[in-house]
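A short write-up of the structure that comes next.
The values are calculated or read from the model by the stated rules, or taken from the named source; none is laboratory data. Values in this document were obtained by computation on a predicted structure and should not be read as measured data. Every residue, glycine among them, receives a Cβ derived from its backbone with ideal geometry; neighbour counts consider all protein chains shown. Note: areas computed on protein heavy atoms with side chains; ligands, DNA, RNA excluded. Shrake-Rupley method; radii C 1.70, N 1.55, O 1.52, S 1.80 Å.
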Amino acid sequence: MLTQAPRGTRDVLPTESYRWQFIEDRMRKAAALAGYREVRTPVFEHTELFARGVGDTTDIVQKEMYTFQDKGNRSITLKPEGTAGAVRSFLESNLYADPLPCKMYYLDAPIFRYEAPQSGRLREHHQFGLECFGAPGATADAELILLAFRLLKELGIRNLSVNINSIGCPECRPKYHAALKEYLAGRVDRLCEDCKNRFERNPLRVLDCKKPGCQQEVKDAPSMLDMLCDDCRAHFEELKACLDGAGIPYQVNPRIVRGLDYYTRTVFELITETPAGNLTVCGGGRYDHLVSQLGGPDLPAVGFGMGLERVLMLMDAEGIQIPRPDLYEVFVTYMGENRGRAFRLVESLRNAGIAADMDHCGRSLKAQFKYANKTGAPFSATIGEEEAANGTVKLKNMNTKEEKTVPVAEAAETVRKMREEAE
Ligand code: ATP
Ligand code: MG
């Protein structure tokens, strides 16, 4: 128990964190290219924010939140998604008073959902998310879809299908709600228990159910796209024109509705096929009324969330090698009585910006070399009897076996030269 992480959580170990850093670095660059800057918001918020923001008919709010009373008797919830917190901070700091749009991203944000853990589904996962506030135009929606697509493509993920849909606005959706409800009314008995409930509270959500039985039942359901009002239709057409212009493959999929209440107009998912079924790696859309719903001005917004674990899972599945950085560039080996000299050499290498280390465990010289090999350090620097007597160090390229003995003071510079020569 004591040495077992809670169900549905995963450690990122020191030996694998470079993989996370690699994709995080690409994500930051992708965001920066489009003018998105990082926002960091707390891991927990007042429960009310999610109940109102995410919507209390959603699975997330009804079943999946980690909610508790804190010692001051406030109801607190660990972030079950990233958007509500971003909107809250946008409002709290009056960022809407700055020139709009306001573009922000969050990265490596832990997200908590009480779900049944399985492959690609954790109780704590991490998301890269972007939010763009104050831009009503479809170019903003298109920019986000393209950003996500380009990023995943550049990471090497093939097999990506971009699914887009429009779920209309408060003007045209009620008509669709009614049509969908009528369609589902004769089928309620055959829906799963959750969907029976959704039918009552929010019939749109039935389209999103992953159970094959329910998917079968909604196969011929009416499509929102046939009932969009003129403005929503024009918006959707412009989005498609932008994507066409960018030349990316996409499909209009009227089954995409997303699990959160706040969406309006554009919704999208980037889906990949895996042997275990389809996996959504990125999902997002427009939420033109969330900002005002949370007490702010009437400002449109659009955003997406991308699961980091799922990105890494897909990269693994496609056999994409992420370059593993060297732990050390130089490993210093020494005869026991030269430990002090070795320590000073390590420090001088580090001061010169070269990753270096030495044995701290009393190993023999031979064992030190064995250890150095295991670390994968491309250079060793040895201080034996002779070197100690002469104030020198013997540098060795572990791959080419080339050796050079130089004064200790020249060690860092010589390593640099040897590295350049070997390249
Ligand atoms: P799903 O339909 O798979 O349940 P979702 O619609 O609940 O996903 P979002 O709320 O859109 O997911 O979250 C955005 C992204 O975060 C998802 O596309 C996915 O990559 C990732 N994600 C969501 N839930 C989990 C989870 N439990 N474990 C790991 N990643 C997740
Ligand atoms: Mg979910």
Of the options 129, 146, 279, report the single residue whose Cα projects farthest towards the positive end of the charge dipole of the chain (beta-carbon charges: Lys, Arg +1; Asp, Glu -1).
279
Given the DSSP H assignment, sum -39500 (n - 2.57) over each helix run of at least 4 residues in the chain and divide by its residue total; what's the result at 222 nm in deg cm²/dmol, nearest 500?
-11000 deg cm²/dmol
Amide N of the stretch 199-228 lying under 16 Å from the label point, which is placed 7 angstrom from the Cα of residue 189 along Cα→Cβ
217
Net length gained if the chain between residue 241 and residue 11 were fully extended (0.36 nm per residue, minus Cα distance)
78.5 nm
Karplus ³J(HN,Hα) for the stretch 273-278 (6.51 cos²θ - 1.76 cosθ + 1.60, θ = phi - 60°; Hz, whole; x = Gly/Pro) runs 8, 10, x, 8, x, 6
Using a probe radius of 1.4 Å on heavy atoms only, what accessible surface per residue do you get for the chain? Whole Å² is fine.
50 Å²
Between the Cα axis of helix 83-92 and the main Cα principal axis of the chain, the angle (0 to 90°, nearest 10) is 90 degrees
Karplus-derived 3J(HN,Hα) from phi for the stretch 170-175 (6.51 cos²θ - 1.76 cosθ + 1.60, θ = phi - 60°), whole Hz, x at Gly and Pro, runs x, 7, 9, 5, x, 5
How many percent of Cα pairs in the stretch 21-163 exceed 21 Å?
52 percent
The chain, convex hull of Cα, quarter of hull surface, nm² -> 27.1 nm²
Rounded to the nearest 0.05, what FRET efficiency do residue 390 and residue 419 give with R0 = 22 Å and r taken as the Cβ-Cβ distance? Could you check?
0.40
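Could you give the alpha-carbon Rg of the stretch 310-423 over 2.2 N^0.38 Å, rounded to two decimals?
1.21
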Which of 179, 322, 221 sits farthest toward the positive end of the charge dipole of the chain, with +1 on the Cβ of Lys and Arg and -1 on the Cβ of Asp and Glu?
322
Identify which of 384, 186, 55 has the largest mean-square fluctuation in a Gaussian network model of the chain, with springs joining Cα atoms closer than 10 Å.
384
Only four residue types carry charge here, +1 at the Cβ of Lys and Arg and -1 at the Cβ of Asp and Glu. Report the dipole size of the stretch 215-301 about the Cα centre in Debye, rounded to the nearest 20.
200 debye
Report the relative contact order of the stretch 48-180, percent, no decimals, based on alpha-carbon pairs under 8 angstrom and at least 6 residues apart.
17 percent
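Roll a 1.4 angstrom probe over the protein heavy atoms and tell me the percent of accessible area of the chain that is carbon or sulfur.
Working: 10400 of 21000 Å².
On the chain, the fraction of accessible area on carbon and sulfur atoms equals 50 percent.
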Where nothing but the Cβ of Lys and Arg (+1) and of Asp and Glu (-1) is charged, how large is the charge dipole of the stretch 83-237 around its Cα centre, in debye to the nearest 20?
560 debye
On Cα atoms only, tilt of 17-33 relative to the major axis of the chain in degrees
60 degrees
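Beyond 23 Å, what share of the Cα-Cα pairs of the stretch 214-367 remains, rounded to the nearest whole percent?
63 percent
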Given Cβ charges of +1 for Lys and Arg and -1 for Asp and Glu, the option among 332, 82, 256 whose Cα lies farthest towards the positive end of the dipole of the chain is 332
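Where nothing but the Cβ of Lys and Arg (+1) and of Asp and Glu (-1) is charged, how large is the charge dipole of the chain around its Cα centre, in debye to the nearest 20?
820 debye
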Can you work out the Karplus-derived ³J(HN,Hα) for every residue in the stretch 97-108? Use 6.51 cos²θ - 1.76 cosθ + 1.60 with θ = phi - 60°, whole Hz, and x for glycine or proline.
7, 7, x, 9, x, 9, 10, 9, 9, 10, 9, 6
So how far apart, in nm, are the two label points at residue 344 and residue 97 if each is 7 Å from Cα heading toward Cβ?
5.9 nm
With 0.36 nm assigned to each residue of separation and the Cα-Cα distance removed, residue 230 to residue 66 gains 55.0 nm
Simple spin-label estimate for residue 1 and residue 360 in nanometres, 7 Å along Cα-Cβ:
3.4 nm
Which value, in Å² rounded to 10, gives the accessible area of residue 289 with a 1.4 Å probe and all protein chains present?
70 Å²
Angle, helix 230-246 long axis vs. longest principal axis of the chain, Cα atoms, 0 to 90°, nearest 10?
30 degrees
Roughly what % antiparallel, to the nearest 5, for the DSSP beta bridges in the chain?
80 percent
Report the label-to-label distance for residue 43 and residue 375 in nanometres (one decimal), using points 7 Å from each Cα along the Cα→Cβ vector.
3.1 nm
In the stretch 217-243, which residues have a backbone nitrogen under 18 Å from the label point lying 7 Å from residue 139's Cα in the Cα-to-Cβ direction?
234-243
Please report the accessible area of residue 102 (heavy atoms, 1.4 Å probe, ligands and nucleic acids excluded) in Å², nearest 10.
20 Å²
